[in-house]
Amino acid sequence: MHFIKTIVAVGGLMAMTGAAWAQEYPERPIQMIVPWGAGGGTDAVGRLLGAEIQKELGVPVNVVNRTGGSGVVGHSAIANADPDGYTIGIMTIEVDMMHWQGLTDLTYEDFDVLAIVNSDPGGVMVSADAGYDSVEALLEKIKSEPAGTFKASGTGQGGIWHVGLAGWLLSEGLAPDHVTFVPSQGAAPGLTDMVAGGVDIVPSSLAEGRSMIDAKRVVPLATMSPDRQDAFPDVPTLAETTGSDWNVAVWRSVAAPAGLPEDVKVKLMDAIETAYHSDAYQDFMKDRGFGLRWAKGDDATAIVAADDAVFGEVMTKAGLAAQ
């Protein structure tokens, strides 16, 4: 009997020890993968969040840039890692577009979406020299001219702002290619080209055009969001102006490989939430003109899933989806 009690006691101690061990996550450094280059907006967001998460979890959070393949390389590195909580990353809206373009089979379902931490709606921007004082006036002119007369830029072929433009045109009863899209390496070169007279419209986020807007070289005519943006309160929505119901925004999220243990997932989401609400993160985002948006777990996943479906429809209509 004494022997049996000893076994039970030892077994109970082992169970307690195992439970305690399981609650010790994290016990070693965490890697945060950023699928885009050092020095960019996504990299800056990832590094600041990583520093704040590190404070909460008590272990180093090391940011690693894994670039290439229009975001495929970095996103694949996140999704293909062990789902143990020691590899997380900044998942961007491109994950909802890459598979439609045929660049990868990877979708949001290959990730555990922990939280959305930023959202920047698209906009309609023109050069200050273009002479348009409203998006209605611009749209009327676009409709009155033959297809291809107007040109737009601000991202690569099939990129988020190309899709944003196509979605807007479709919502206004125009063909998605009525305005010719000129690929660029991003919003900054697109805006520079527009100011120089090379293109007529840049549909990127107003945050990306902020410096040129402040310099009075670019005029923001509308925002592609349900409500006006706090950072640009004088810029009307498309719904207010042309009656369009089209909304599009880029978001950044923190994600992990699908299949995280539930206790690890909860601990990570709690740490990310604290980091999001920190003064350092809030001040940084506001100073940079980035939009703040918070959603975690199932709510965040639902947002990502909804965008994936909308982008698939628009990209197919616009001929941007792989056949």
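Looking at Ala275, Ala306, Ala302, which is the one that is touching a strand residue (DSSP E or B) at 6+ places or on another chain (Cβ under 9 Å), open to solvent by 30 Å² or more (accessible area, probe 1.4 Å), part of a helix (DSSP H, G or I) and of a type in the set (Gly, Ala, Ser)?
Matching residue, one of Ala275, Ala306, Ala302: Ala302.
Scanning for something touching a residue at least 24 places away in the same chain (Cβ under 8 Å), open to solvent by less than 20 Å² (accessible area, probe 1.4 Å), in contact with a helix residue (DSSP H, G or I) (Cβ under 8 Å, 6 or more places away or on another chain) and outside any loop (DSSP other than H, G, I, E, B), does segment 148-160 turn up at least one residue?
Looking through segment 148-160, at least one residue is touching a residue at least 24 places away in the same chain (Cβ under 8 Å), open to solvent by less than 20 Å² (accessible area, probe 1.4 Å), in contact with a helix residue (DSSP H, G or I) (Cβ under 8 Å, 6 or more places away or on another chain) and outside any loop (DSSP other than H, G, I, E, B).
Out of all the residues in segment 43-95, which are of a type in the set (Asp, Glu) and buried (at least 19 other Cβ atoms within 10 Å of the Cβ)?
Glu52, Glu94
Per-residue answers, yes or no, for (1) within 30 Å of Asp112 (Cβ to Cβ); (2) buried (at least 19 other Cβ atoms within 10 Å of the Cβ); (3) in contact with a strand residue (DSSP E or B) (Cβ under 7 Å, 6 or more places away or on another chain); (4) among the β-branched types (Val, Ile, Thr):
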{"site": "Ser225", "(1), (2), (3), (4)": "yes, yes, yes, no"}
{"site": "Thr237", "(1), (2), (3), (4)": "no, yes, yes, yes"}
{"site": "Asp245", "(1), (2), (3), (4)": "no, no, no, no"}
{"site": "Ala258", "(1), (2), (3), (4)": "yes, no, yes, no"}
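For a quick check of your reading: which strands (runs of 3 or more DSSP E) sit entirely within segment 19-118 and have at least 2 residues that are in contact (Cβ under 8 Å) with a residue 40 or more places away in the chain and not basic (Lys, Arg)?
30-34, 87-92
Would you check if there is a residue in segment 133-141 being under 27 Å from Ala309 (Cβ atoms) and assigned by TED's automatic domain parsing to the domain that holds Leu165?
Yes, the conditions are met somewhere in segment 133-141.
Name every residue in segment 179-190 that is in contact with a helix residue (DSSP H, G or I) (Cβ under 9 Å, 6 or more places away or on another chain) and open to solvent by 30 Å² or more (accessible area, probe 1.4 Å), in order of residue number. Walk me through it before giving the result.
Initial filter on segment 179-190 (in contact with a helix residue (DSSP H, G or I) (Cβ under 9 Å, 6 or more places away or on another chain)): 179, 181-184, 186-188, 190.
Once the filter is applied, which keeps residues that are in contact with a helix residue (DSSP H, G or I) (Cβ under 9 Å, 6 or more places away or on another chain) and open to solvent by 30 Å² or more (accessible area, probe 1.4 Å), segment 179-190 yields Val182, Pro183, Ala188.
Being at pLDDT 95 or above and polar (S, T, N, Q): is that true of Thr180 here?
Answer is yes for this residue.
Looking at segment 27-42, which of its residues are crowded, with 17+ Cβ neighbours inside 10 Å, modelled with pLDDT under 95 and in contact with a helix residue (DSSP H, G or I) (Cβ under 7 Å, 6 or more places away or on another chain)?
Passing the criteria: Pro35, Trp36.
Kindly provide the set of residues from segment 120-147 that are in a strand (DSSP E or B) and touching a Pro at 6+ places or on another chain (Cβ under 9 Å), ordered by number.
Pro121, Gly122, Gly123, Val124, Met125, Val126
Of all residues in segment 287-309, how many are under 21 Å from Asp227 (Cα atoms), touching a residue at least 12 places away in the same chain (Cβ under 8 Å) and not acidic (Asp, Glu)?
Qualifying residue count for the region: 11.
The values are calculated or read from the model by the stated rules, or taken from the named source; none is laboratory data. Fair warning: this is a prediction, and the values are worked out from it, not measured in the lab. Quick reminder, even Gly has a Cβ in these numbers, built from the backbone with ideal geometry, and neighbours come from all protein chains shown. For the accessible areas, the whole protein counts, side chains as well, though only heavy atoms, and no ligand, DNA or RNA atoms are used. Shrake-Rupley method; radii C 1.70, N 1.55, O 1.52, S 1.80 Å.
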